[in-house]
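Participant: Questions regarding the structure given below will be posed in turn.
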Amino acid sequence: MVGVAFDVGAVPFNADGWGPMDSAAANNNNNNSLPLNVPFAPFSRSDKVGRIADWTRNFNNQTRSKNPADSAFDFTLDDSFPGNTDDDATFRLVDGKPPPRPKFGPKWRYQQQKQLPQRRDEEVEAKKREAEKERARRDRLYHQNRSNPNNPRREAAVCKSSVDIQPEWNMHDQIPFSTFTKLSYNVPEPEDLLLCGALENYDRTFDRINPKNERRLERFKNRNFFKVTTTDDPVIRRLANEDKATVFATDTILSTLMCAPRSVYSWDIVVQRVGNKLFFDKRDGSQLDLLSVHETSQEPLPEAKDDINSAHSLSVEAAYINQNFSQQVLIRDGNKVTFDEPNPFANEGEEVASVAYRYRRWKLDNDMYLVARCEVHSVVELNKQRSFLTVNALNEFDPKYSGVDWRQKLETQRGAVLATELKNNANKLAKWTAQALLGSADMMKLGYVSRIHPRDHFNHVILGVVGYKPKDFAAQINLNTTNMWGIVKSIVDLCMKLNEGKYVIVKDPSKPQIRIYEVPVDAFENDYVEEPLPEDEQVQPTAEGADGGEEEAVAAAATNDVEDKPIDAQA
């Protein structure tokens, strides 16, 4: 290929120095050597010229709005370039932009599949963060309320007193719970005065129950359960006549006093001063016969008494579950471990629940002794040694209230389930632990019982059974034995200073404190109290021929649209 000569043109030469020549001399020398037919466009200072030459403009597009400043670069109509007219008419600039990505295709679907899980994870994480903030806020409020005695706690939601305060009652003393936390007293080991009743062996197969291998809760309609108060106990009357002690009570009453600072609901204990002796009693149909549910929870329960999830309905249901569970976990083969005397409350030939009463005596002072009736529910042979057990059941009624679903968490996160129960039922678990310590039980069995359906309060299933040593469990829930006895000792000393008569200790329904009232001698007899608890709502053993008394109590306490489905009991 033969190259075409390229004429550079005349280059001015500056003979007088370095650099370009003077403008006047350069113009005179170069006028004749300038290239011909080069268009020149005059510009003014107001023109906006952004380019020396624009090769990307397509002036053949008639729909495009023209900028006046672009006319300086339009050489298509200039006669100086006659040879380029045809080329410009057919010239099209190749589009350098990438082709548009299709909206549907494998690549788009792949990218969306990568983004969707990420977006879902972000939403889940956001919900978890919100839940953590809400839980932290509730815990903060809970601790603030417990640390400030003057701040009303959630107990204001259950504002009804357990007993109606009559105008003729005379208040003797008022004790805030804050003073109980500082008390401490050491008592020596107790001595057993008498053992009564009979126990059945514990069935260890229940320790292997899990949510995937649940077992229906049976009903024991023919077995009688006794809730006898202190002064109605013939054994305690006999021990009092023999001057075995000066203070008499039951483990239920003592545990209520020992765990009083953890209580929220109202309760009452009757105190009788007879001579130099002191008797702690409970009223017939008292709230102490039932079990509280969600007492220390921050989630309020429905206030309507006929609601199946109200505080009273759940208490009746919990007592019914606890009684049946304590009998179902036993080996019912007729073999029983008997003690010194039979059950002091049972008639001859009457079928009674497996229970043993240990009448124990503690030395409170040099000349002051306390005798209490303590219960153990079962016995087991371990390494050829007899071990006593207490059996109790926690019940789940609706996971929405607790926030933890036992069927999902019990097998994998049992600690979280127990921690939730310790927060929502701190008083009940502390009382069970105190009763196990008073009875010197070697093991306490806790069962997890749940409703078959949240709206069915008649039928339940056992999801698991866990065993704890009472001393270890007490340390885990921060239950101090010396503080427990310090509370009892201070109340006993206070009551011993009172005159002979009848008194009642009432937990204030809206404040963390107790009050001591002096009441007439015939109080709480012959329906003296206006409305203690209706007869059909009491979970108490009835006479023979009254089968299904527990279910009737539950049905009277809480109505529901779910019919009672019969279950074949294997009693």
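Participant: Can you sort R455, R273, R129, R373 by 1.4 Å-probe accessible area, starting with the largest? Don't jump to the answer; show the numbers that get you there.
Facilitator: Working: R455 100, R273 40, R129 135, R373 10 Å².
The ordering from most to least exposed comes out as R129, R455, R273, R373.
Participant: Then there is this: Considering every Cα-Cα pair within the stretch 370-418, what fraction, in whole percent, is farther apart than 16 Å? Intermediate values should be presented prior to the final figure.
Facilitator: On the way: 733 of 1176 pairs.
That tail contains 62 percent of the Cα-Cα pairs.
Participant: How big is the accessible area of E168 in square angstrom, nearest 10, if you roll a 1.4 angstrom probe over the protein chains?
Facilitator: Approximately 110 Å² for this residue.
Participant: I'd like the Kirkwood hydrodynamic radius of the stretch 229-375, using the inverse of the mean 1/r over distinct C-alpha pairs, in Å.
Facilitator: Value: 17.8 Å, from the Cα pair sum.
Participant: What pairs in K428/K507; K363/K431; K384/K431; K384/K428 have C-alpha atoms more than 26 Å from each other? Show your work: numbers first, answer last.
Facilitator: Details: K428/K507 15 Å; K363/K431 21 Å; K384/K431 30 Å; K384/K428 33 Å.
Flagged as over cut-off: K384/K431; K384/K428.
Participant: For the full complex of protein chains and a 1.4 angstrom probe, list R360, R332 by accessible area with the highest value first.
Facilitator: Numbers: R360 15, R332 75 Å².
Final ranking, largest accessible area leading: R332, R360.
Participant: Ratio of the stretch 349-451's C-alpha Rg to 2.2 N^0.38 Å, to two decimals? Intermediate results must be reported in sequence, preceding the final value.
Facilitator: Working: Rg = 17.4 Å, N = 103, 2.2 N^0.38 = 12.8 Å.
Taking the Cα Rg and dividing by 2.2 N^0.38 Å, one obtains 1.36.
Participant: Still on this structure: Rounded to the nearest whole Å³, what is the per residue volume of the convex hull around the Cα atoms of the stretch 166-220?
Facilitator: Details: hull volume 22.7 nm³, N = 55.
Measuring per residue, one finds 414 Å³ for the Cα hull of the stretch 166-220.
Participant: Continuing with this model, one more query. So for the stretch 246-369, averaging the separation of alpha carbon pairs under 8 Å that are six or more residues apart and normalising by length, what relative contact order in percent results? Working shown, then result.
Facilitator: Values: 95 pairs, mean separation 23.5, N = 124.
Relative contact order, the stretch 246-369: 19 percent.
Participant: Kindly state, as a whole number, the per residue volume in cubic angstrom of the convex hull around the alpha carbon atoms of the stretch 220-303. If you can, show how the numbers build up before the last one.
Facilitator: Working: hull volume 11.2 nm³, N = 84.
So the per-residue Cα hull volume is 134 Å³.
Participant: H312 accessible area, nearest 10 Å², 1.4 Å probe?
Facilitator: Approximately 30 Å² for this residue.
Participant: Sticking with this structure for a sec: Mind checking the full-extension length gain between T231 and K244? Use 0.36 nm per residue of separation minus the Cα-Cα distance, one decimal, nm.
Facilitator: On the way: separation 13, 0.36 × 13 = 4.68 nm, distance 1.48 nm.
This chain segment gains 3.2 nm when fully extended.
Participant: Counting only the heavy atoms of the protein chains, how much of V379 is accessible to a 1.4 Å probe, in Å² to the nearest 10?
Facilitator: Surface open to solvent at V379 totals about 0 Å².
Participant: Let me ask something else. Got the relative contact order for the stretch 418-470 handy, in percent, Cα pairs under 8 Å and 6 or more residues apart? Show your work: numbers first, answer last.
Facilitator: Details: 52 pairs, mean separation 17.5, N = 53.
Reported relative contact order: 33 percent.
Participant: Provide, in order from the shortest bin, the percent of all Cα-Cα pairs of the stretch 386-500 in each 5 Å bin, continuing until the bin that contains the maximum pair distance.
Facilitator: For the stretch 386-500, the binned pair fractions read 2, 10, 18, 19, 16, 12, 9, 6, 4, 2, 1, 0 percent.
Participant: Roughly how big is the stretch 434-522's charge dipole about its Cα centre, with Cβ charges of +1 (Lys, Arg) and -1 (Asp, Glu), in debye to the nearest 20? Could you put the intermediate results ahead of the total?
Facilitator: Values: 11 positive and 8 negative charges, 54 e Å.
Charge dipole of the stretch 434-522: 260 debye, to the nearest 20.
Participant: Tell me the relative contact order for the stretch 250-291 as a rounded percent, counting alpha carbon contacts under 8 Å between residues six or more apart. Working shown, then result.
Facilitator: Numbers: 30 pairs, mean separation 15.5, N = 42.
This gives 37 percent for the stretch 250-291.
Participant: Okay, next question. Note the per residue figure in Å³ for the convex hull of the C-alpha positions in the stretch 323-404.
Facilitator: Working: hull volume 17.8 nm³, N = 82.
Normalising the Cα hull of the stretch 323-404 by residue number yields 217 Å³.
Participant: On to the next question. Please pull out the direction-averaged projected area of the stretch 241-288, using the convex hull of its alpha-carbon atoms, in nm² to one decimal place. Could the numbers behind the result be given before it?
Facilitator: On the way: hull surface 16.0 nm².
If you wrap the Cα atoms of the stretch 241-288 in a convex hull and average its projections, you get 4.0 nm².
Participant: Can you sort I491, I331 by solvent-accessible area, 1.4 Å probe, largest first?
Facilitator: Values: I491 5, I331 65 Å².
Reading off the accessible areas and sorting them downward yields I331, I491.
The values are calculated or read from the model by the stated rules, or taken from the named source; none is laboratory data. Every value quoted in this text rests on a predicted model; they were computed, and no experiment measured them. Heads up, the Cβs are rebuilt from the backbone with ideal geometry, glycines too, and the neighbour counts pull from every protein chain shown. These area figures cover heavy atoms from the full protein model, side chains too; ligands, DNA and RNA do not enter into them. Shrake-Rupley method; radii C 1.70, N 1.55, O 1.52, S 1.80 Å.
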